[in-house]
Amino acid sequence: MIEWKLLSDPEELMAWDSNLIQFADFNYCQSIAWGDYRALFNWKPYRWAAYTEKGKPVTLMQGLLRIYPGKIGVLWVPGGPTGDISLMNRDLQQLIIRTTGIKRLYCRISTSKTYRAEDSLMLKYHSWSRALQPLGSCMSMLYDLERDEQSRLENCSSNWRHNLNRSGKYNLAIHQLNNPDIETIMAIYRDMESYKNIGKQYSREELEGIFMVFQEKILFFGCYTEAGELVAFRGCVLLGVKAWDLLAATTVKGRNLYASYALFWKLIEHCVNVGITSYDMGGIDPYENKGVYHFKKGTGAKEIEYLGEWEWSSSEMIRYAANWAIKYRSGRL
């Protein structure tokens, strides 16, 4: 018999991350640190686990709850649930309502489980529906770090290798940064947002929160010109033997120096040295964001489709209202 339980005891929560990384489909957005980070922005983390009779966890789910007027709750589950997807059933749905005390509830999951038709059918059987207004892409790129450097280089496209070689002509210096200057990071983001004509990637508060909460779990490198000017940076989150792209931006000058190629290669080298075997390069969109897609594809990373975003609500009216709000907020919760 499988039983769901809300975890709140400090000792139980101390084992959360170590249990999480035992599953093949774990994601850093289901870690304690990510829940603590989102709590800085008025999201309340809840952690539920399904156990066997012998006390073995088979599914973990960290949900982030925010209450809106009318006591309507939105529960966002980024990167999860983790483990057996067949347990996303009515028992869990009733437990969520009971333990949060919210009867008018909208819940969205975004699992990192590789897509399988049987999992999709299982979610539909348990009253989950495909998200009407997705927050992101269910497609990503996984970079295999278990190959040696020469094999990884040979697996790059000829154009990607050419640009990596070009970056070596400019005497760029790449350094790991443990306490980067937030003002400088923001300035580079604003520069990139301007020339790419894209929306704001991070606020000052979000950047400060990420570095404060994750600390040693963030691997962050900066690329400098000969004159000492920071023209690009890239950072990832480490958990277990996996890493995920999180922060990256390049100035116009950095683009002309092919800084992003040198940065990525250095970051990957360090990941290999600390025992990381898989690097998730993040969502891809071959049509709306071709430049980023071709950069990631050129590394030799493997395209992967996740099961993606699904939603369940206590009423259809709340479900449609939530999706309208997401669309109005430009795809953000």
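The values are calculated or read from the model by the stated rules, or taken from the named source; none is laboratory data. Source: prediction; values computed, not measured. Here the Cβ is made from the backbone with ideal geometry for all residues, glycine too, and neighbour counts use every protein chain on show.
Filter the range 265-291 for residues that are of a type in the set (D, E, K, R) and modelled with pLDDT of 90 or more and give the result. Reasoning before the result, please.
Here is the first cut: in the range 265-291, the ones of a type in the set (D, E, K, R) are 266, 269, 280, 285, 288, 290.
Scanning the range 265-291 gives LYS266, GLU269, ASP280.
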**Asked** Which members of the range 309-328 meet the condition of being assigned to a helix (DSSP H, G or I) and not polar (S, T, N, Q)?
**Response** GLU316, MET317, ILE318, ARG319, TYR320, ALA321, ALA322, TRP324, ALA325, ILE326, LYS327, TYR328
**Prompt:** Has the range 129-152 got any residue that is over 30 Å from TRP310 (Cβ atoms) and touching a His at 6+ places or on another chain (Cβ under 8 Å)?
**Reply:** no
**Request:** Go through (1) over 17 Å from ILE85 (Cα atoms); (2) at pLDDT below 95 and name the single condition GLU3 misses.
**Result:** (1)
**Asked** With (1) within 19 Å of the chain's Cα centre (by Cα); (2) of a type in the set (Phe, Trp, Tyr); (3) in a helix (DSSP H, G or I) as the list, and TYR306 as the residue in question, which single condition is left unmet?
**Response** (3)
**Item:** Filter pass, LEU207 being touching a strand residue (DSSP E or B) at 6+ places or on another chain (Cβ under 6 Å) and either part of a strand (DSSP E or B) or at pLDDT 95 or above (or both)
**Value:** no
**Request:** For the range 212-259, please list each of the strands (runs of 3 or more DSSP E) lying entirely inside it that holds at least 1 residues being charged (D, E, K, R) and free of Cβ contacts under 8 Å to residues at least 40 places away in the same chain.
**Result:** 230-239, 242-250
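Of all residues in the range 265-282, how many are among the small types (Gly, Ala, Ser) and within 12 Å of GLY240 (Cβ to Cβ)?
Looking only at the range 265-282, we keep the residues that are among the small types (Gly, Ala, Ser), and these are 275, 278, 282.
Narrowing the set further to residues that are within 12 Å of GLY240 (Cβ to Cβ) leaves 275, 278.
Going through the range 265-282 one residue at a time, the tally reaches 2.
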**Message:** Being surrounded by 16 or more Cβ atoms within 10 Å (Cβ to Cβ) and either of a type in the set (Gly, Ala, Ser) or in the same structural domain as TRP244 (by TED's automatic domain parsing) (or both) narrows it down to one residue among LEU123, LEU219, LEU153; which is it?
**Reply:** LEU219
**Message:** Among the residues of the range 51-71, are any surrounded by 15 or more Cβ atoms within 10 Å (Cβ to Cβ), in contact with a helix residue (DSSP H, G or I) (Cβ under 8 Å, 6 or more places away or on another chain) and at pLDDT below 95?
**Reply:** yes
**Fill in**
Inside the range 15-24, the number of residues satisfying the requirement of being in a loop (DSSP other than H, G, I, E, B) and more than 18 Å from CYS236 (Cβ to Cβ) is 4
**Request:** Would you mind finding the one in TYR37, TYR46, TYR28 that is aromatic (Phe, Trp, Tyr) and more than 15 Å from the chain's Cα centre (by Cα)?
**Result:** TYR46
**Asked** Assuming GLU11 fulfils every condition listed in (1) part of a helix (DSSP H, G or I); (2) touching a residue at least 12 places away in the same chain (Cβ under 8 Å) apart from one, which condition is it?
**Response** (2)
**Fill in**
Pairs returned, first residue in the range 106-121 that is more than 12 Å from TRP310 (Cα to Cα), second residue that is surrounded by fewer than 24 Cβ atoms within 10 Å (Cβ to Cβ) and among the β-branched types (Val, Ile, Thr), beta-carbon separation under 8 angstrom, 6 or more apart or interchain, are LYS113/ILE85; THR114/ILE304
**Request:** Taking ILE85 as meeting all but one of (1) surrounded by fewer than 17 Cβ atoms within 10 Å (Cβ to Cβ); (2) aliphatic (A, V, I, L, M); (3) at pLDDT below 95, write down the number of the exception.
**Result:** (1)
**Request:** Just need a number here: residues in the range 57-96 that are farther than 20 Å from ASP119 by Cα and part of a loop (DSSP other than H, G, I, E, B).
**Result:** 3
**Item:** Filtered residue count, the range 260-300, keeping only those that are within 20 Å of SER167 (Cα to Cα) and not in a loop (DSSP other than H, G, I, E, B)
**Value:** 19
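Of the residues in the range 25-56, how many are part of a strand (DSSP E or B) and basic (Lys, Arg)?
As a first pass, look at the range 25-56 and keep what is part of a strand (DSSP E or B): 44-51.
Next, only the ones that are basic (Lys, Arg) stay: 44, 47.
Number satisfying all stated conditions: 2.
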**Prompt:** Are there any pairs with C-beta distances below 9 angstrom linking a residue in the range 132-161 that is farther than 18 Å from GLY298 by Cβ and touching a residue at least 24 places away in the same chain (Cβ under 8 Å) to a residue that is polar (S, T, N, Q) and surrounded by 17 or more Cβ atoms within 10 Å (Cβ to Cβ), with the two at least 6 apart or on different chains, and if so which?
**Reply:** LEU132/ASN323; GLN133/ASN323; PRO134/SER110; LEU135/SER110; GLY136/SER110; CYS138/SER110
